[in-house]
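Chemist: Starting off with a structure, shown below.
The numbers here are math on the coordinates, done by the rules we state, and not lab data. These numbers come from a predicted model, not from an experiment. Note: ideal-geometry Cβ built from the backbone for every residue, glycine included; neighbour counts use all protein chains shown.
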Amino acid sequence: MKKETMGAMIASKRKEMEMTQLDLANKMGVTDKAVSKWERDLSYPDVNSLPKLAEIFGMSVDELMQIKTETSQKEKEKTLREIVSLILRAVCLAMGVAVVVLSLMGAMSTETSVLMLGIGVACAGVSLLNGK
């Protein structure tokens, strides 16, 4: 949905529904002059009347107010994927560094080293599958 003024949104939705300003005014319990002012962005509907206006137009208040809930959700999912990918790569790096340092110190068995490297490789693989 492209961003437009509240007045343009009201006018276009009213026209889509083949209503006159007077028709909309009667449904909203206001004058046709009030609707005219809304459409010219000289005034706005009362906040308490927005649910009724949205219902008349067959949309949610969020859609009427042009709140980008879908984009917001997609951005949250993208951010979450990026965080998970970063954590997986950090675990991979940490396992590799830990194996090298502890092996040099002689404080780690071969079996434990292989296990830790396996965890690191698995995290790297999941991170690559995640696309980051």
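Chemist: Magnitude of the Cβ-charge dipole of segment 69-129, K/R +1 and D/E -1, about the Cα centre, nearest 20 debye? Numbers along the way, then the final one.
Modeler: Working: 5 positive and 5 negative charges, 18 e Å.
Dipole size: approximately 80 debye.
Chemist: At q = 0.13, 0.14, 0.23, 0.30 Å⁻¹, work out log10 I(q)/I(0) for segment 69-129 with the Debye formula, treating every Cα as an identical point scatterer and leaving solvent out; two decimals please.
Modeler: -0.44, -0.49, -0.84, -1.09
Chemist: Looking at this model, which pairs from Lys15/Lys37; Lys37/Lys74; Lys13/Lys33; Lys13/Lys52; Lys13/Lys37 are more than 24 angstrom apart at the alpha-carbon? Present the calculation step by step, with values, prior to reporting the outcome.
Modeler: Numbers: Lys15/Lys37 16 Å; Lys37/Lys74 35 Å; Lys13/Lys33 17 Å; Lys13/Lys52 14 Å; Lys13/Lys37 15 Å.
Pairs exceeding the cut-off: Lys37/Lys74.
Chemist: For the chain, what is the Kirkwood estimate of the hydrodynamic radius, computed as the reciprocal of the mean inverse distance between distinct Cα atoms, to one decimal in Å? Don't skip to the answer; put the middle values down first.
Modeler: Details: mean 1/r = 0.0516 Å⁻¹.
Taking every pair of different Cα atoms in the chain, averaging 1/r and inverting gives 19.4 Å.
Chemist: Shifting gears a bit: Hey, what number do you get for the chain at 222 nm if only DSSP H runs of n ≥ 4 count, each worth -39500 (n - 2.57), divided across all residues, to the nearest 500?
Modeler: On the way: 7 runs with 95 residues, N = 132.
Per the formula, -23000 deg cm²/dmol.
Chemist: Spin-label point model (7 Å from Cα, Cβ direction): what's the Val121 to Asp62 distance in nm?
Modeler: 4.4
Chemist: Continuing with the same structure: Let me spell out the model: positive unit charges on the Cβ of Lys and Arg, negative unit charges on the Cβ of Asp and Glu, origin at the Cα centre of the chain. What dipole size does that give, in debye rounded to 20?
Modeler: My answer is approximately 220 debye.
Chemist: Mind putting a number on the dipole of segment 6-64 about its Cα centre? Charges go on the C-beta only, +1 for Lys and Arg and -1 for Asp and Glu, and I need it in Debye to the nearest 20. Could the numbers behind the result be given before it?
Modeler: Numbers: 8 positive and 10 negative charges, 40 e Å.
Approximately 180 debye in magnitude.
Chemist: From the Cα trace of segment 6-64, what convex hull volume per residue do you get, rounded to a whole Å³?
Modeler: Working: hull volume 4.0 nm³, N = 59.
Each residue corresponds to 68 Å³ of Cα convex hull volume.
Chemist: So how much slack lies between Asp32 and Ser103, counting 0.36 nm per residue of separation and subtracting their Cα-Cα distance, in nm?
Modeler: On the way: separation 71, 0.36 × 71 = 25.56 nm, distance 8.18 nm.
Fully extending the segment from Asp32 to Ser103 adds 17.4 nm.
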